[in-house]
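Visitor: One structure follows; several queries about it will come next.
Bear in mind these aren't lab numbers, they're just calculated from the coordinates by the rules spelled out. In this text the structure is predicted, and so the values were computed from the model without any measurement. A quick note on method: Cβ atoms are made from the backbone with ideal geometry, for glycine too, and the neighbour counts reach across all protein chains shown.
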Amino acid sequence: HTLVVAVLALAACGRPAPAPAPVVTTVASADTVRVTVPAGTLVGTLQLPAGRAPFPAVLLISGSGPTDRDGNSAGLGGKNDGLRQLAESLAARGIASVRWDKRGVGASRMPVAEKDVTLDTFVDDAVAWGQLLRGDPRVST
């Protein structure tokens, strides 16, 4: 029995070790990203933490009204940057996020008739952003 174990051990030594998975190290960043939807292009920010990717990720979806990716609404007057602050806080805890300007707001300028924008429209936009995340190797899905 000892001979068999020794032969198996020697055979294993001759095999090359499997290649380790690539390690992607990132610095904290807030990158402008875009997705194309039937009505035009939505513009957002991919907030990445510093460290070893891939990172868990979340979609930060703006509330009601004409709200930009940072959580500011022209109707409320002034800036609170609530979504930007949330994204930065998540990144400090190792979680990536994407947030975007709603249709017709900020850099997501496109002709938008409010009557044509439905809940399904916003769901389709969120799905498009989720697909962007799914295709990014720095993000775990």
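Visitor: Could you give the length gained by full extension between A128 and I95, i.e. 0.36 nm per residue of separation minus their alpha carbon distance, to one decimal place?
Guide: Gain on stretching A128 to I95: 9.9 nm.
Visitor: Let me ask you something else. Quick one: if you stick a label point 7 Å off each Cα along the C-beta vector at T32 and M110, how many nm between them?
Guide: Roughly 1.7 nm, to one decimal.
Visitor: Ratio of alpha-carbon Rg to the 2.2 N^0.38 Å globular estimate for the stretch 40-81, to two decimals, please.
Guide: 1.47
Visitor: With the cut-off at 1.5 for a/c, could you classify the stretch 50-141 from its C-alpha gyration tensor as rounded, prolate or oblate?
Guide: oblate
Visitor: Evaluate E = 1/(1 + (r/R0)^6) for A50 and Q85, where r is the Cβ-Cβ distance and R0 equals 22 Å; express this FRET efficiency to the nearest 0.05.
Guide: Here the calculated transfer efficiency is 0.80.
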